[in-house]
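Read-outs: derived from the displayed coordinates by stated rules, not from any lab. Everything quoted here is computed from the prediction, not taken from an experiment. Methodologically, a virtual Cβ is constructed for each residue, glycine included, from the backbone with ideal geometry; neighbour enumeration extends over all protein chains shown.
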Amino acid sequence: MIHTFDVDIAEATDEFGTSCQRLIPWATPADETPFGAMACFLSAGTRSAPDCHDQDEIILILRGEAEVRVGDDTVAVTPGRFAFLPRNQTHVVVNTSTTDQLAWLSLYWPLHEPRPAPSVEPLDG
C-alpha cells in the first residue's frame with residue numbers, strides 16, 4: 001500500500017524552537033521504520049533552539065533560505081540542497097530571510113536515540 005502525506009504547518013507542533021510535523025514513525029510500532037522524518041517550519045528572521053542528539057540527521061530545504069550552524073561551522077543552504085548534521089554535535093537552523101517562512105525536511109537515524117550503556121560495578125573476589 002502506498003501512503004501519502006501532506007506537509008502542512010497546520011499539522012505541526014512546537015518542538016526545538018520550530019514548528020514540526022512528525023511524518024515518520026508511523027502510528028503503530030509494528031510498522032516502525034529504522035529512521036524518522038519530520039517537516040519543520042521557521043518564521044522569518046528566527047532561529048531554532050540549539051539541539052544535540054545521538055542520531056545523524058539530514059535536512060533538505062524545501063522553501064526559503066537557511067544558515068545551518070554545527071559547532072563552529074556555518075553553511076548557507078537553499079532549496080534543493082541538503083546539509084548533513086553529525087550526531088552529538090550541537091546545531092542551529094537560522095531563517096536568513098526577513099520576510100519568508102523557512103521549510104525543511106529532516107531525516108534522522110536511528111529512529112530512537114541509543115541508550116547509554118549501563119554502568120557495570122566490578123565484582124568483588
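A compact table of results
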item: Cut-off under 5 Å, modelled amide H: who pairs with LEU23 long-range; result: ALA37, MET38, ALA39
item: Measure of compaction for the chain (Cα Rg per 2.2 N^0.38 Å); result: 1.23
item: Inter-site label distance for ASP14 and ASP51 at 7 Å from Cα along Cβ, in nm; result: 1.6
item: Segment ARG63-THR4, length gained on full extension (0.36 nm per residue, minus Cα span); result: 19.3 nm
